[in-house]
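Asks: Dropping the structure in here first, questions after.
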Amino acid sequence: MPAENREPTETCHVPVMPNEIVHWLGETSPSVIVDGTYGGGGHSALLLATLPAGRGHLVGLDRDPAVSERVESEQHDPRLNVFLGSYEKAPQALAALELSAADGAVLDLGLSSDQLADPHRGFSFTRASADLDLRFDPESGQSAAQWLAWNKENEIANAIYQYGEERYSRRIAREIVTRRRREASVKTVKDLVDVCMRCVPRSKNHDIHPATRTFQALRIVVNDELGALERTLQTAPDWLSENGRLAIISFHSLEDRIVKNAFRDDPRWNVLTKKPLRPSEEEVQQNPRSRSAKLRVAQRVPKPQA
């Protein structure tokens, strides 16, 4: 359903590792902070308290039009400005506010509870009749259903294996293409879940749904998530101030590996967390979706003096 046909709803998303984010970004007394994955605004609300009283800027970005609609319907601290777009667009958002750099930035790479709860987006297995969309911005690019309808079997299998680390990717791709040839293309959440249930043996301990890895892979593909992350890690030192910090929360090994390698291999970064930080047991009990979170933080190295 187009965004303009839906009423803005209140957020149900709970920010992950909020105390850690406030600690690592707040201890440098920042004046400008970028929240590149604004979502429900949970991290931003807490980070505003780290800014100078009545001054400073919190720059939020999110690709989801539903977030922009909700923000427009609410009243916010005047220091907060939220832009529709990927965190890749942080330099443009800063420039729009006539800001040259940020002193800190946070990226929470997880799927928000609001997106899971949206019955029109196809993110949740429980919404069986929903279209298989999986886009953060449903108004641009190809949906997952469209992507599956136009790509070859080996391309589908490779994507599911590479981005979902699903060892039964070839079975799944073969079944998807077979259905397509029978004019019964995979178009809904139920269609894809049925394929995965048919192709992926259920594990003995039932710790993961058979469709989880395939849904993850297709979501990554249609949103170019890993590409956006790699490009942002390459350019972030250009829009962070000297000693500015970048905190990234990832939820699966592919993202965490990219963050770890970028922080380690780029001499412009000073790694502050030698090993990824994990949520406390108390947080996991209160917010089970935080259980797989990993937080890494790095600081922009000052430029050499001429």
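The numbers here are math on the coordinates, done by the rules we state, and not lab data. Predicted model, so just to flag it, every value in this text is computed and none were measured. Quick reminder, even Gly has a Cβ in these numbers, built from the backbone with ideal geometry, and neighbours come from all protein chains shown.
Asks: Semi-axes of the equivalent ellipsoid for region 116-223, please: Cα gyration tensor eigenvalues, times 5, square-rooted, ordered largest first, whole Å.
Replies: Details: eigenvalues 70, 56, 35 Å².
Semi-axes, largest first: 19, 17, 13 Å.
Asks: For the chain, what relative contact order do you get, as a whole percent, if you take Cα pairs closer than 8 Å and at least 6 residues apart?
Replies: 17
Asks: Sorting Arg121, Arg198 on the 10 Å Cβ count, fewest up front, what's the list?
Replies: Result, fewest neighbours first: Arg198, Arg121.
Asks: Sorting check: for 18-26, 95-103, which peptide has the highest mean count of neighbouring beta carbons within 10 Å, and how do the rest follow?
Replies: Output ranking for 18-26, 95-103: 18-26, 95-103.
Asks: Do you know the Lys pair count in the chain for C-alpha distances under 14 Å, with sequence separation 8 or more or different chains?
Replies: Working: Lys260/Lys274; Lys260/Lys275; Lys260/Lys294; Lys274/Lys294; Lys275/Lys294.
Lysine pairs, 8 or more places apart or on different chains, close enough: 5.
Asks: Can I ask one more? Using amide H atoms built in the peptide plane, which far-off residues or other-chain residues are under 5 Å from Phe83 H to H?
Replies: Distant-sequence amide H within range of Phe83: Gly60, Leu61, Asp62.
Asks: Another question, if that's okay. Check Val14: other-chain or 5+ apart residues with amide H under 5 Å from its amide H, H built from backbone geometry?
Replies: Correct list: Ser113.
Asks: With +1 assigned to the C-beta of every Lys and Arg and -1 to the C-beta of every Asp and Glu, and no other charges, what is the dipole magnitude of the chain about the Cα centre in debye, to the nearest 20?
Replies: Dipole of the chain, to the nearest 20 debye: 1480 debye.
Asks: Whole Å is fine, so just give me how far the alpha carbon centre of region 101-139 lies from that of region 156-220.
Replies: So the two Cα centres are separated by 19 Å.
Asks: Separate question: How much mean residue ellipticity at 222 nm does the chain get from its helices, if each DSSP H run of length 4 or more adds -39500 (n - 2.57) and you divide by all residues, to the nearest 500 deg cm²/dmol?
Replies: About -12000 deg cm²/dmol.
Asks: Can you list the residues, at least 5 places off or on another chain, whose amide H is less than 5 Å from the amide H of Arg245, using H built in the peptide plane?
Replies: Here Gly104, Ala105, Arg300 satisfy the definition.
Asks: Before anything else, pin down the relative contact order of region 116-223: Cα pairs under 8 Å, at least 6 apart, normalised by residue count, whole percent.
Replies: Values: 155 pairs, mean separation 34.5, N = 108.
Once divided by the residue count of region 116-223, the mean separation gives 32 percent.
Asks: When the Karplus curve 6.51 cos²θ - 1.76 cosθ + 1.60 is applied with θ = phi - 60°, which whole-Hz ³J(HN,Hα) does each residue of region 278-294 get, with x for Gly and Pro?
Replies: Calculated HN-Hα couplings, in order: 10, x, 6, 4, 4, 5, 4, 5, 7, 9, x, 5, 7, 4, 9, 6, 10 Hz.
Asks: Taking the mean number of other Cβ atoms within 10 Å as a proxy for protection, how do you rank 36-48, 230-242 from highest to lowest?
Replies: Details: 36-48: 22.5, 230-242: 17.4.
Those peptides, ordered most packed to least, come out 36-48, 230-242.
Asks: What order do you get for Val271, Val34 when you list them from fewest to most C-beta neighbours inside 10 Å? Display every interim value, and only then the final one.
Replies: On the way: Val271 14, Val34 33.
Neighbour counts put them in this order, fewest first: Val271, Val34.
Asks: Tabulate in residue order the Karplus-calculated ³J(HN,Hα) for region 136-141, using 6.51 cos²θ - 1.76 cosθ + 1.60 with θ = phi - 60°, rounded to whole Hz; enter x for Gly and Pro.
Replies: Result, rounded to whole Hz: 5, 10, x, 9, 9, x.
Asks: Leu84: net charge of surrounding residues, Cβ under 11 Å, Lys/Arg +1, Asp/Glu -1, itself excluded?
Replies: -4
Asks: Got a sec to turn the phi values of region 57-65 into Karplus ³J(HN,Hα) couplings, 6.51 cos²θ - 1.76 cosθ + 1.60 with θ = phi - 60°, whole Hz, x for Gly and Pro?
Replies: 9, 10, 9, x, 9, 7, 7, 8, x
Asks: Placing unit charges on C-beta atoms (Lys and Arg positive, Asp and Glu negative, everything else neutral), compute the dipole magnitude of region 89-184 about its Cα centre in debye, rounded to 20.
Replies: For region 89-184, the charge dipole is close to 800 debye.
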